[in-house]
Amino acid sequence: MTIKTRFAPSPTGYLHVGGARTALYSWLIAQAQGGEFVLRIEDTDLERSTQEAIDAILEGMKWLGLEWTEGPHYQTKRFDRYKSLIQQLIEQDKAYRCYCTPEELDAMREEQMAKGEKPRYTGVWRDRTDYPEDQPYVIRFRNPQEGSVVFEDHVRGRIEVQNAELDDLIILRSDGSPTYNFCVVVDDWDMGITHVVRGEDHVNNTPRQINILKALDAPIPEYAHVSMILGDDGAKLSKRHGAVSVMQYRDEGYLPQALLNYLVRLGWSHGDQEIFSLQEMKELFKLDGINKAASAFNTEKLVWLNQHYIKSTPAAEVAEHLQWHLDDQKLDISNGPAIEAVITAQAERVKTLKELVEISRYYYEDFTEFDAKAAKKHLRPVAAEPLALVKDKLAAITDWSEASIQAAINETAEELEIGMGKVGMPLRVATTGSGNSPSLDITLNLIGQAKSVQRIGQALTFIEQREKS
Ligand code: GLU
(Lines give C-alpha, C1' and ligand atoms only; values in the text may rest on other atoms or scores of the structure.)
Protein backbone atom coordinates (compact mmCIF):
# COMPACT_ATOMS: atom_id res chain seq x y z
CA MET A 1 0.00 0.00 0.00
CA THR A 2 1.29 3.46 -0.88
CA ILE A 3 0.74 5.96 1.89
CA LYS A 4 -1.27 9.03 0.99
CA THR A 5 -1.80 11.77 3.52
CA ARG A 6 -3.28 15.23 3.38
CA PHE A 7 -3.28 18.60 5.04
CA ALA A 8 -6.73 20.14 4.91
CA PRO A 9 -6.77 23.65 6.36
CA SER A 10 -9.82 25.89 6.41
CA PRO A 11 -8.67 29.23 4.95
CA THR A 12 -9.98 31.50 7.65
CA GLY A 13 -6.64 32.88 8.89
CA TYR A 14 -2.88 32.44 8.80
CA LEU A 15 -1.06 29.10 9.03
CA HIS A 16 -0.98 28.36 12.75
CA VAL A 17 1.95 26.47 14.31
CA GLY A 18 -0.49 23.74 15.37
CA GLY A 19 -1.61 23.30 11.78
CA ALA A 20 2.00 23.36 10.63
CA ARG A 21 2.80 20.55 13.03
CA THR A 22 0.03 18.26 11.75
CA ALA A 23 1.06 19.18 8.20
CA LEU A 24 4.66 18.23 9.05
CA TYR A 25 3.63 14.89 10.55
CA SER A 26 1.47 14.07 7.52
CA TRP A 27 4.22 15.12 5.15
CA LEU A 28 6.87 13.10 7.02
CA ILE A 29 5.05 9.79 6.97
CA ALA A 30 4.31 10.20 3.27
CA GLN A 31 7.89 11.23 2.51
CA ALA A 32 9.33 8.37 4.52
CA GLN A 33 7.64 5.79 2.33
CA GLY A 34 7.70 7.51 -1.03
CA GLY A 35 4.00 8.23 -0.62
CA GLU A 36 1.89 11.21 -1.57
CA PHE A 37 0.93 14.33 0.31
CA VAL A 38 -2.20 16.20 -0.73
CA LEU A 39 -2.98 19.83 0.04
CA ARG A 40 -6.69 20.48 0.25
CA ILE A 41 -8.25 23.83 0.96
CA GLU A 42 -11.50 23.37 2.89
CA ASP A 43 -13.21 26.54 1.78
CA THR A 44 -16.86 25.55 2.07
CA ASP A 45 -17.49 28.18 4.72
CA LEU A 46 -17.94 30.95 2.18
CA GLU A 47 -18.35 33.67 4.75
CA ARG A 48 -15.15 33.01 6.65
CA SER A 49 -12.86 31.81 3.83
CA THR A 50 -10.69 34.41 2.11
CA GLN A 51 -8.20 34.44 -0.73
CA GLU A 52 -5.78 36.23 1.59
CA ALA A 53 -5.88 33.29 4.00
CA ILE A 54 -5.37 30.81 1.14
CA ASP A 55 -2.29 32.77 0.03
CA ALA A 56 -0.99 32.93 3.60
CA ILE A 57 -1.33 29.16 4.02
CA LEU A 58 0.42 28.41 0.72
CA GLU A 59 3.18 30.87 1.61
CA GLY A 60 3.66 29.26 5.03
CA MET A 61 3.79 25.75 3.59
CA LYS A 62 6.33 26.80 0.97
CA TRP A 63 8.48 28.63 3.48
CA LEU A 64 8.59 25.50 5.64
CA GLY A 65 9.40 23.42 2.58
CA LEU A 66 6.39 21.14 3.08
CA GLU A 67 5.81 20.55 -0.59
CA TRP A 68 2.66 18.80 -1.63
CA THR A 69 2.64 16.22 -4.41
CA GLU A 70 -1.02 16.81 -5.26
CA GLY A 71 -3.31 19.82 -5.13
CA PRO A 72 -4.19 22.25 -3.89
CA HIS A 73 -7.72 20.94 -4.25
CA TYR A 74 -10.52 23.34 -3.40
CA GLN A 75 -13.74 22.02 -1.93
CA THR A 76 -15.78 24.82 -3.49
CA LYS A 77 -14.85 23.36 -6.89
CA ARG A 78 -16.27 19.96 -5.94
CA PHE A 79 -19.85 20.84 -4.98
CA ASP A 80 -21.31 18.85 -7.89
CA ARG A 81 -19.57 15.72 -6.69
CA TYR A 82 -20.82 16.13 -3.09
CA LYS A 83 -24.35 16.81 -4.26
CA SER A 84 -24.51 13.81 -6.54
CA LEU A 85 -23.40 11.55 -3.69
CA ILE A 86 -25.99 13.10 -1.40
CA GLN A 87 -28.59 12.34 -4.07
CA GLN A 88 -27.34 8.76 -4.16
CA LEU A 89 -27.68 8.44 -0.38
CA ILE A 90 -31.23 9.81 -0.56
CA GLU A 91 -32.12 7.26 -3.23
CA GLN A 92 -30.66 4.49 -1.08
CA ASP A 93 -32.66 5.79 1.88
CA LYS A 94 -29.42 6.52 3.74
CA ALA A 95 -30.27 10.21 3.94
CA TYR A 96 -33.52 12.11 4.20
CA ARG A 97 -35.20 15.49 4.12
CA CYS A 98 -35.79 17.28 7.39
CA TYR A 99 -38.23 20.20 7.47
CA CYS A 100 -37.69 21.22 11.07
CA THR A 101 -37.71 25.00 11.45
CA PRO A 102 -35.08 26.73 13.61
CA GLU A 103 -37.86 27.37 16.17
CA GLU A 104 -38.72 23.68 16.34
CA LEU A 105 -35.06 22.77 16.78
CA ASP A 106 -34.71 25.34 19.56
CA ALA A 107 -37.76 23.96 21.32
CA MET A 108 -36.35 20.43 20.99
CA ARG A 109 -33.08 21.55 22.53
CA GLU A 110 -34.73 23.40 25.40
CA GLU A 111 -36.92 20.46 26.27
CA GLN A 112 -33.89 18.13 26.36
CA MET A 113 -31.86 20.55 28.46
CA ALA A 114 -34.75 20.94 30.90
CA LYS A 115 -34.73 17.15 31.33
CA GLY A 116 -30.96 17.21 31.84
CA GLU A 117 -30.35 15.37 28.53
CA LYS A 118 -27.68 16.04 25.93
CA PRO A 119 -29.20 18.18 23.13
CA ARG A 120 -29.57 16.17 19.95
CA TYR A 121 -31.78 15.88 16.92
CA THR A 122 -34.50 13.35 17.76
CA GLY A 123 -35.06 12.05 14.26
CA VAL A 124 -38.59 13.43 13.81
CA TRP A 125 -38.29 13.45 10.01
CA ARG A 126 -36.56 10.07 9.73
CA ASP A 127 -39.56 8.23 8.46
CA ARG A 128 -41.90 11.01 7.36
CA THR A 129 -42.78 11.55 3.74
CA ASP A 130 -45.53 14.15 4.15
CA TYR A 131 -43.29 16.87 2.75
CA PRO A 132 -44.82 20.36 2.95
CA GLU A 133 -44.76 22.32 -0.29
CA ASP A 134 -42.38 25.24 -0.85
CA GLN A 135 -40.76 24.91 2.55
CA PRO A 136 -36.98 24.94 3.05
CA TYR A 137 -35.44 21.67 4.18
CA VAL A 138 -32.02 20.20 4.96
CA ILE A 139 -30.71 16.72 4.19
CA ARG A 140 -29.69 14.61 7.15
CA PHE A 141 -27.59 11.48 7.19
CA ARG A 142 -29.44 8.45 8.57
CA ASN A 143 -26.96 7.37 11.23
CA PRO A 144 -27.25 3.71 12.28
CA GLN A 145 -29.12 3.45 15.58
CA GLU A 146 -27.73 0.13 16.72
CA GLY A 147 -24.22 -1.01 17.54
CA SER A 148 -21.10 1.14 17.83
CA VAL A 149 -18.27 2.64 15.81
CA VAL A 150 -14.79 1.47 16.72
CA PHE A 151 -11.46 2.70 15.44
CA GLU A 152 -7.85 2.36 16.48
CA ASP A 153 -6.35 5.83 16.71
CA HIS A 154 -2.54 5.96 16.30
CA VAL A 155 -2.29 8.47 19.13
CA ARG A 156 -5.33 7.96 21.34
CA GLY A 157 -5.68 4.18 21.10
CA ARG A 158 -8.97 2.31 20.71
CA ILE A 159 -12.00 4.56 20.51
CA GLU A 160 -15.53 3.19 20.63
CA VAL A 161 -18.68 5.28 20.39
CA GLN A 162 -22.23 3.95 20.61
CA ASN A 163 -24.33 4.82 17.59
CA ALA A 164 -27.14 5.74 19.97
CA GLU A 165 -24.92 8.69 20.99
CA LEU A 166 -24.79 10.07 17.46
CA ASP A 167 -27.74 11.95 16.00
CA ASP A 168 -28.57 12.39 12.32
CA LEU A 169 -26.13 14.93 11.02
CA ILE A 170 -27.03 17.63 8.48
CA ILE A 171 -25.07 16.93 5.29
CA LEU A 172 -26.75 19.51 3.02
CA ARG A 173 -27.89 22.90 4.31
CA SER A 174 -31.16 24.49 3.19
CA ASP A 175 -29.15 26.86 0.97
CA GLY A 176 -27.87 23.83 -0.95
CA SER A 177 -24.32 23.83 0.45
CA PRO A 178 -22.83 20.57 1.74
CA THR A 179 -21.42 20.53 5.28
CA TYR A 180 -17.89 20.00 6.57
CA ASN A 181 -18.21 16.40 7.75
CA PHE A 182 -19.65 15.25 4.45
CA CYS A 183 -17.12 17.03 2.22
CA VAL A 184 -14.17 15.73 4.26
CA VAL A 185 -15.39 12.17 3.91
CA VAL A 186 -15.94 12.39 0.16
CA ASP A 187 -12.56 14.05 -0.35
CA ASP A 188 -10.64 11.58 1.78
CA TRP A 189 -12.26 8.79 -0.24
CA ASP A 190 -11.90 10.35 -3.71
CA MET A 191 -8.33 11.39 -3.05
CA GLY A 192 -7.40 7.92 -1.78
CA ILE A 193 -6.23 9.15 1.62
CA THR A 194 -4.82 6.26 3.67
CA HIS A 195 -3.87 8.17 6.84
CA VAL A 196 -5.75 11.10 8.34
CA VAL A 197 -3.52 13.09 10.70
CA ARG A 198 -5.30 16.05 12.29
CA GLY A 199 -5.94 17.90 15.51
CA GLU A 200 -7.58 16.33 18.52
CA ASP A 201 -10.44 18.82 18.12
CA HIS A 202 -11.74 16.60 15.29
CA VAL A 203 -11.77 13.32 17.20
CA ASN A 204 -15.52 13.61 17.89
CA ASN A 205 -16.23 13.97 14.17
CA THR A 206 -14.47 10.74 13.30
CA PRO A 207 -17.18 8.22 14.31
CA ARG A 208 -19.71 10.21 12.27
CA GLN A 209 -17.33 10.36 9.33
CA ILE A 210 -16.72 6.60 9.54
CA ASN A 211 -20.46 5.95 9.41
CA ILE A 212 -20.77 8.10 6.29
CA LEU A 213 -17.81 6.32 4.68
CA LYS A 214 -19.50 2.99 5.38
CA ALA A 215 -22.77 4.23 3.88
CA LEU A 216 -20.84 5.17 0.74
CA ASP A 217 -19.09 1.79 0.67
CA ALA A 218 -15.78 3.61 0.92
CA PRO A 219 -12.64 2.28 2.67
CA ILE A 220 -11.91 3.64 6.14
CA PRO A 221 -8.52 5.39 6.45
CA GLU A 222 -6.29 5.17 9.51
CA TYR A 223 -6.51 8.04 11.97
CA ALA A 224 -4.10 9.92 14.21
CA HIS A 225 -5.52 12.75 16.31
CA VAL A 226 -2.68 14.91 17.56
CA SER A 227 -2.99 16.66 20.93
CA MET A 228 -3.27 20.39 21.34
CA ILE A 229 -0.35 22.76 21.78
CA LEU A 230 -0.49 24.73 25.00
CA GLY A 231 1.08 27.99 26.07
CA ASP A 232 3.49 28.14 29.01
CA ASP A 233 0.53 28.74 31.34
CA GLY A 234 -1.24 25.51 30.37
CA ALA A 235 -3.98 27.22 28.32
CA LYS A 236 -4.45 26.46 24.63
CA LEU A 237 -1.76 28.26 22.62
CA SER A 238 -3.08 31.58 21.34
CA LYS A 239 -1.88 35.00 20.27
CA ARG A 240 -1.53 36.23 23.79
CA HIS A 241 1.32 33.71 24.30
CA GLY A 242 3.28 35.26 21.44
CA ALA A 243 3.63 34.31 17.80
CA VAL A 244 1.27 31.58 16.59
CA SER A 245 1.49 32.23 12.87
CA VAL A 246 4.23 30.43 10.98
CA MET A 247 5.09 33.52 8.94
CA GLN A 248 5.54 35.54 12.10
CA TYR A 249 8.42 33.21 12.95
CA ARG A 250 9.95 33.99 9.57
CA ASP A 251 9.53 37.71 10.30
CA GLU A 252 11.17 37.34 13.70
CA GLY A 253 14.22 35.71 12.15
CA TYR A 254 13.82 31.97 12.52
CA LEU A 255 15.12 29.49 9.97
CA PRO A 256 12.43 27.11 8.69
CA GLN A 257 14.61 24.13 9.63
CA ALA A 258 14.69 25.33 13.26
CA LEU A 259 10.91 25.60 13.38
CA LEU A 260 10.48 22.19 11.74
CA ASN A 261 12.90 20.62 14.19
CA TYR A 262 11.08 22.31 17.04
CA LEU A 263 7.66 21.19 15.82
CA VAL A 264 8.68 17.59 15.21
CA ARG A 265 9.87 17.33 18.81
CA LEU A 266 6.78 19.05 20.19
CA GLY A 267 4.76 15.95 20.98
CA TRP A 268 7.12 13.33 19.61
CA SER A 269 10.50 12.03 20.71
CA HIS A 270 13.23 9.64 19.76
CA GLY A 271 15.22 8.88 22.91
CA ASP A 272 16.68 12.17 24.08
CA GLN A 273 17.79 13.35 20.66
CA GLU A 274 16.99 17.04 20.09
CA ILE A 275 18.54 17.84 16.71
CA PHE A 276 17.05 16.17 13.66
CA SER A 277 18.00 16.75 10.06
CA LEU A 278 15.13 16.41 7.60
CA GLN A 279 16.55 13.07 6.56
CA GLU A 280 16.58 11.83 10.15
CA MET A 281 13.03 13.05 10.71
CA LYS A 282 11.89 11.09 7.68
CA GLU A 283 13.66 7.97 8.86
CA LEU A 284 12.71 8.10 12.52
CA PHE A 285 9.30 9.72 12.78
CA LYS A 286 6.44 7.30 13.48
CA LEU A 287 2.79 8.10 14.13
CA ASP A 288 2.75 5.61 16.96
CA GLY A 289 5.47 7.57 18.74
CA ILE A 290 3.35 10.72 19.10
CA ASN A 291 2.62 11.63 22.73
CA LYS A 292 -0.95 11.55 23.86
CA ALA A 293 -0.43 14.35 26.37
CA ALA A 294 -0.72 17.94 25.20
CA SER A 295 2.62 19.68 24.75
CA ALA A 296 3.60 23.14 25.90
CA PHE A 297 5.24 25.57 23.53
CA ASN A 298 8.68 26.56 24.76
CA THR A 299 10.11 29.58 22.97
CA GLU A 300 13.49 29.26 24.67
CA LYS A 301 14.01 25.86 23.13
CA LEU A 302 13.03 27.15 19.72
CA VAL A 303 15.55 29.99 20.12
CA TRP A 304 18.22 27.46 21.08
CA LEU A 305 17.48 25.42 17.96
CA ASN A 306 17.53 28.54 15.81
CA GLN A 307 20.98 29.46 17.14
CA HIS A 308 22.13 25.95 16.42
CA TYR A 309 20.92 26.10 12.82
CA ILE A 310 22.26 29.60 12.18
CA LYS A 311 25.69 28.35 13.28
CA SER A 312 25.64 25.01 11.52
CA THR A 313 23.84 25.71 8.25
CA PRO A 314 26.13 26.57 5.29
CA ALA A 315 26.39 30.36 5.03
CA ALA A 316 25.13 30.35 1.44
CA GLU A 317 21.90 28.72 2.59
CA VAL A 318 21.51 31.12 5.52
CA ALA A 319 22.06 33.94 3.03
CA GLU A 320 18.97 32.89 1.06
CA HIS A 321 16.83 33.22 4.16
CA LEU A 322 18.59 36.42 5.23
CA GLN A 323 17.54 38.22 2.06
CA TRP A 324 14.03 38.84 3.39
CA HIS A 325 15.48 40.52 6.48
CA LEU A 326 17.94 42.60 4.47
CA ASP A 327 15.00 43.89 2.45
CA ASP A 328 12.85 44.32 5.54
CA GLN A 329 15.52 46.33 7.36
CA LYS A 330 16.55 48.07 4.15
CA LEU A 331 20.22 47.16 4.34
CA ASP A 332 21.90 47.48 0.96
CA ILE A 333 24.77 45.00 0.75
CA SER A 334 25.89 45.78 -2.78
CA ASN A 335 28.83 47.93 -1.60
CA GLY A 336 30.54 45.72 0.90
CA PRO A 337 31.84 42.27 1.70
CA ALA A 338 30.17 39.06 0.56
CA ILE A 339 27.20 38.45 2.85
CA GLU A 340 28.29 34.82 3.33
CA ALA A 341 31.53 36.01 4.96
CA VAL A 342 29.61 38.33 7.30
CA ILE A 343 27.25 35.47 8.20
CA THR A 344 30.22 33.25 9.04
CA ALA A 345 31.76 36.01 11.17
CA GLN A 346 28.55 36.85 13.05
CA ALA A 347 26.74 33.48 13.31
CA GLU A 348 28.01 32.78 16.83
CA ARG A 349 26.75 36.11 18.09
CA VAL A 350 23.06 36.02 17.24
CA LYS A 351 19.86 34.18 18.08
CA THR A 352 17.90 35.24 15.01
CA LEU A 353 18.42 36.40 11.43
CA LYS A 354 16.77 39.66 12.36
CA GLU A 355 19.53 40.31 14.91
CA LEU A 356 22.13 39.26 12.39
CA VAL A 357 21.12 42.11 10.10
CA GLU A 358 20.81 44.54 13.00
CA ILE A 359 24.39 43.97 14.13
CA SER A 360 25.94 43.84 10.66
CA ARG A 361 25.19 47.33 9.36
CA TYR A 362 28.73 48.63 9.88
CA TYR A 363 30.06 46.24 7.24
CA TYR A 364 27.99 48.05 4.64
CA GLU A 365 27.15 51.50 5.92
CA ASP A 366 29.32 54.31 7.23
CA PHE A 367 28.29 55.96 10.47
CA THR A 368 28.93 59.32 12.03
CA GLU A 369 27.98 58.49 15.58
CA PHE A 370 29.42 55.98 18.02
CA ASP A 371 27.59 53.99 20.63
CA ALA A 372 27.64 56.54 23.47
CA LYS A 373 28.70 54.21 26.23
CA ALA A 374 31.42 52.52 24.19
CA ALA A 375 32.76 55.88 23.01
CA LYS A 376 32.81 57.28 26.52
CA LYS A 377 34.85 54.34 27.72
CA HIS A 378 37.18 53.71 24.79
CA LEU A 379 37.51 56.87 22.69
CA ARG A 380 39.34 58.86 25.34
CA PRO A 381 42.43 61.07 24.89
CA VAL A 382 44.64 58.17 25.99
CA ALA A 383 43.41 56.19 22.96
CA ALA A 384 44.60 58.81 20.47
CA GLU A 385 48.19 57.65 20.31
CA PRO A 386 47.52 53.92 19.74
CA LEU A 387 44.78 54.75 17.25
CA ALA A 388 47.04 57.07 15.28
CA LEU A 389 49.82 54.50 15.18
CA VAL A 390 47.62 51.57 14.23
CA LYS A 391 46.02 53.76 11.56
CA ASP A 392 49.42 54.38 9.97
CA LYS A 393 50.32 50.72 10.13
CA LEU A 394 47.01 49.63 8.64
CA ALA A 395 47.29 52.25 5.90
CA ALA A 396 50.74 50.93 5.00
CA ILE A 397 49.64 47.33 4.51
CA THR A 398 50.09 46.14 0.96
CA ASP A 399 48.47 42.73 1.32
CA TRP A 400 45.25 43.40 3.26
CA SER A 401 44.48 40.15 5.10
CA GLU A 402 43.58 38.88 8.55
CA ALA A 403 47.23 38.07 9.19
CA SER A 404 48.61 41.47 8.16
CA ILE A 405 45.89 43.27 10.15
CA GLN A 406 46.68 41.21 13.24
CA ALA A 407 50.39 41.96 12.81
CA ALA A 408 49.68 45.72 12.64
CA ILE A 409 47.70 45.55 15.88
CA ASN A 410 50.37 43.47 17.63
CA GLU A 411 53.18 45.78 16.55
CA THR A 412 51.27 48.82 17.78
CA ALA A 413 50.83 47.31 21.24
CA GLU A 414 54.47 46.25 21.37
CA GLU A 415 55.91 49.56 20.23
CA LEU A 416 53.84 51.53 22.73
CA GLU A 417 54.36 48.90 25.41
CA ILE A 418 50.66 48.70 26.18
CA GLY A 419 48.24 45.76 26.45
CA MET A 420 46.40 44.54 23.36
CA GLY A 421 43.09 45.75 24.78
CA LYS A 422 44.31 49.33 24.83
CA VAL A 423 44.69 49.16 21.06
CA GLY A 424 41.90 46.71 20.33
CA MET A 425 38.96 48.30 22.08
CA PRO A 426 39.43 51.84 20.73
CA LEU A 427 40.05 50.32 17.30
CA ARG A 428 36.86 48.27 17.56
CA VAL A 429 34.71 51.26 18.54
CA ALA A 430 36.36 53.38 15.86
CA THR A 431 35.72 50.92 13.02
CA THR A 432 32.39 49.37 14.02
CA GLY A 433 30.82 52.13 16.11
CA SER A 434 30.30 49.88 19.12
CA GLY A 435 32.12 47.64 21.57
CA ASN A 436 30.80 44.38 20.12
CA SER A 437 32.16 42.67 17.04
CA PRO A 438 33.90 39.50 15.98
CA SER A 439 37.68 39.50 16.34
CA LEU A 440 39.33 42.55 14.78
CA ASP A 441 41.38 40.77 12.13
CA ILE A 442 38.19 39.25 10.69
CA THR A 443 36.14 42.40 11.12
CA LEU A 444 38.62 44.82 9.55
CA ASN A 445 39.43 42.42 6.76
CA LEU A 446 35.75 42.47 5.82
CA ILE A 447 35.26 46.21 6.25
CA GLY A 448 38.21 46.80 3.95
CA GLN A 449 41.36 48.87 4.16
CA ALA A 450 40.18 52.27 2.94
CA LYS A 451 37.07 52.28 5.11
CA SER A 452 38.92 51.06 8.19
CA VAL A 453 41.54 53.81 7.88
CA GLN A 454 38.93 56.48 7.20
CA ARG A 455 36.88 55.42 10.23
CA ILE A 456 39.92 55.54 12.52
CA GLY A 457 40.49 59.08 11.26
CA GLN A 458 36.90 59.93 12.15
CA ALA A 459 37.42 58.54 15.67
CA LEU A 460 40.59 60.61 16.12
CA THR A 461 38.67 63.75 15.19
CA PHE A 462 35.98 62.73 17.67
CA ILE A 463 38.59 62.41 20.45
CA GLU A 464 40.12 65.73 19.55
CA GLN A 465 36.80 67.57 19.62
CA ARG A 466 35.91 65.88 22.85
CA GLU A 467 39.10 67.16 24.42
CA LYS A 468 38.28 70.70 23.39
CA SER A 469 34.72 70.72 24.68
N1 GLU B 1 -10.52 21.83 7.73
C2 GLU B 1 -10.37 21.30 9.05
C3 GLU B 1 -9.65 22.33 9.92
O4 GLU B 1 -8.98 23.19 9.41
C5 GLU B 1 -9.52 20.04 9.09
C6 GLU B 1 -10.30 18.86 8.70
C7 GLU B 1 -9.51 17.58 8.71
O8 GLU B 1 -8.29 17.59 8.82
O9 GLU B 1 -10.17 16.57 8.58
O10 GLU B 1 -9.79 22.25 11.11
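The values are calculated or read from the model by the stated rules, or taken from the named source; none is laboratory data. Computed from a predicted model, the values in this text were never measured in an experiment. Methodologically, a virtual Cβ is constructed for each residue, glycine included, from the backbone with ideal geometry; neighbour enumeration extends over all protein chains shown.
A few remarks follow.
- Considering the conditions (1) within 30 Å of Leu278 (Cβ to Cβ); (2) within 14 Å of the ligand (Cβ to nearest atom); (3) free of Cβ contacts under 8 Å to residues at least 24 places away in the same chain, Lys239 is excluded by exactly one of them, (2).
- The residues of the stretch 1-13 that are within 14 Å of the ligand (Cβ to nearest atom), in a loop (DSSP other than H, G, I, E, B) and surrounded by 18 or more Cβ atoms within 10 Å (Cβ to Cβ), listed by number, are Ala8, Pro9, Pro11.
- Residue check, Arg78 within 15 Å of the ligand (Cβ to nearest atom), surrounded by 16 or more Cβ atoms within 10 Å (Cβ to Cβ) and in a strand (DSSP E or B): no
- The number of residues in the stretch 218-270 being over 15 Å from Lys301 (Cα atoms), more than 11 Å from the chain's Cα centre (by Cα) and among the hydroxyl-bearing types (Ser, Thr, Tyr) comes to 3.
- The condition of being under 27 Å from Gln458 (Cβ atoms) and surrounded by fewer than 20 Cβ atoms within 10 Å (Cβ to Cβ) holds for only one of Asp366, Asp328, that being Asp366.
- Residues of the stretch 168-194 classified as more than 15 Å from the ligand (Cβ to nearest atom), charged (D, E, K, R) and either free of Cβ contacts under 8 Å to residues at least 40 places away in the same chain or in a helix (DSSP H, G or I) (or both), total: 2
- Candidate set from the stretch 16-30 (those that are more than 10 Å from the ligand (Cβ to nearest atom) and either among the β-branched types (Val, Ile, Thr) or at pLDDT below 95 (or both)); member that is farthest from the chain's Cα centre (by Cα): Ile29
- When residues in the stretch 47-70 are screened for being modelled with pLDDT under 95 and either over 11 Å from Thr12 (Cβ atoms) or surrounded by 19 or more Cβ atoms within 10 Å (Cβ to Cβ) (or both), 1 of them pass.
- Unmet requirement for Gly234, which otherwise passes all of (1) at pLDDT 95 or above; (2) surrounded by fewer than 18 Cβ atoms within 10 Å (Cβ to Cβ); (3) more than 10 Å from the ligand (Cβ to nearest atom): (1)
- Under the condition of being assigned to a loop (DSSP other than H, G, I, E, B), modelled with pLDDT of 95 or more and surrounded by fewer than 17 Cβ atoms within 10 Å (Cβ to Cβ), the residues counted in the stretch 437-469 number 2.
- Yes/no for Glu165 being surrounded by fewer than 20 Cβ atoms within 10 Å (Cβ to Cβ) and within 16 Å of the ligand (Cβ to nearest atom): no
- Within the stretch 42-71, tally of residues that are more than 13 Å from the ligand (Cβ to nearest atom) and either within 20 Å of His16 (Cβ to Cβ) or not in a loop (DSSP other than H, G, I, E, B) (or both): 19
- The set of residues in the stretch 208-223 being part of a strand (DSSP E or B) and either at positive phi or within 11 Å of the ligand (Cβ to nearest atom) (or both) consists of Tyr223 alone.
- Residue in the stretch 195-207 that is more than 15 Å from the ligand (Cβ to nearest atom) and either surrounded by fewer than 16 Cβ atoms within 10 Å (Cβ to Cβ) or farther than 21 Å from Pro11 by Cα (or both) present: no
- Here Ala396, Ala374 are screened, and the one residue that is farther than 25 Å from Tyr309 by Cβ and under 41 Å from the mean Cα position of the chain (by Cα) is Ala374.
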